[in-house]
1. Name the helices (runs of 4 or more DSSP H) wholly inside the chain in which the number of residues that are of a type outside the set (S, T, N, Q) and surrounded by 14 or more Cβ atoms within 10 Å (Cβ to Cβ) is 3 or more.
2. Within the range 12-39, can you find the residues that are near ligand 1 (Cβ under 6 Å from one of its atoms) and in contact with a Phe, Trp or Tyr (Cβ under 9 Å, 6 or more places away or on another chain)?
3. When you scan the range 56-69, do you find a residue that is in contact (Cβ under 8 Å) with a residue 24 or more places away in the chain, of a type in the set (Val, Ile, Thr) and touching a strand residue (DSSP E or B) at 6+ places or on another chain (Cβ under 8 Å), even just one?
4. Pairs, please: C-beta under 7 Å, at least 6 apart or cross-chain, first residue in contact (Cβ under 8 Å) with a residue 40 or more places away in the chain and in the range 21-46, second among the basic types (Lys, Arg) and within 14 Å of ligand 2 (Cβ to nearest atom)?
5. Which condition number does Arg73 fail, the rest of (1) touching a residue at least 60 places away in the same chain (Cβ under 8 Å); (2) away from ligand 1 (no atom under 14 Å from the Cβ) being met?
Amino acid sequence: MNDCIFCKIVDKEIPAEIVYENEEVVAFNDINPQAPVHVLIIPKKHIPTLNNIVGEQKKLIGEILLVAQKIAREKGIAERGYRTVFNCNADAGQDVFHIHLHLLGGRKMTWPPG
Ligand code: 5GP
Ligand code: ZN
């Protein structure tokens with residue numbers, strides 16, 4: 001997808017503070033962090049929303065969660081706690097239509113979310 005900002009980050013066409021990368025996923029700091037730790041974990045493959053995931057991508061989604069767990073440990077927030085969020089479409093406030101898991105931590109979170 002040549003007009004997708006996250007595909008451009010995957011392709012290194014625009015810079016990002018990448019904290020982890022493997023064959024399937026990239027994780028980078030959010031440009032507008034909402035917590036002391038705010039990392040976005042994305043598949044390298046362009047998938048617009050959670051609604052577009054298909055069964056054969058089960059492993060990929062699991063990989064995204066395992067990367068979130070690994071980064072949470074590395075950032076020292078695994079035991080204190082953290083939040084992971086996939087926003088899907090307008091009511092959730094999804095702005096970038098390339099799926100991304102938000103990993104948020106380093107401060108006390110409130111519930112319900114805004
Ligand atoms: P959404 O609202 O779609 O769930 O979240 C999109 C997130 O992407 C926002 O938290 C926003 O700050 C972040 N973001 C948007 N553009 C960029 C960018 O160019 N670089 C980085 N690192 N983050 C971005
Ligand atoms: Zn994309």
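Rule-based calculations on the coordinates, nothing more; no lab input. This is a predicted model, so every value here is computed, not measured. Note that each Cβ is placed from the backbone with ideal geometry, even for glycine, and that neighbours are counted across all protein chains shown.
1. On the way: elements: 5-10, 58-74, 89-92.
Once the helices (runs of 4 or more DSSP H) in the chain are filtered for at least 3 residues that are of a type outside the set (S, T, N, Q) and surrounded by 14 or more Cβ atoms within 10 Å (Cβ to Cβ), what remains is 5-10, 58-74.
2. Hits for the range 12-39 are Ala16, Phe28.
3. Filtering the range 56-69 down to residues in contact (Cβ under 8 Å) with a residue 24 or more places away in the chain leaves 60, 63-65, 67-68.
Filter once more, keeping what is of a type in the set (Val, Ile, Thr): 64, 67.
Applying the additional criterion that residues be touching a strand residue (DSSP E or B) at 6+ places or on another chain (Cβ under 8 Å) yields 64, 67.
Looking through the range 56-69, at least one residue is in contact (Cβ under 8 Å) with a residue 24 or more places away in the chain, of a type in the set (Val, Ile, Thr) and touching a strand residue (DSSP E or B) at 6+ places or on another chain (Cβ under 8 Å).
4. Filtered contacts from the range 21-46: Val25/Lys44.
5. Going through (1) touching a residue at least 60 places away in the same chain (Cβ under 8 Å); (2) away from ligand 1 (no atom under 14 Å from the Cβ) one by one, Arg73 breaks only (1).
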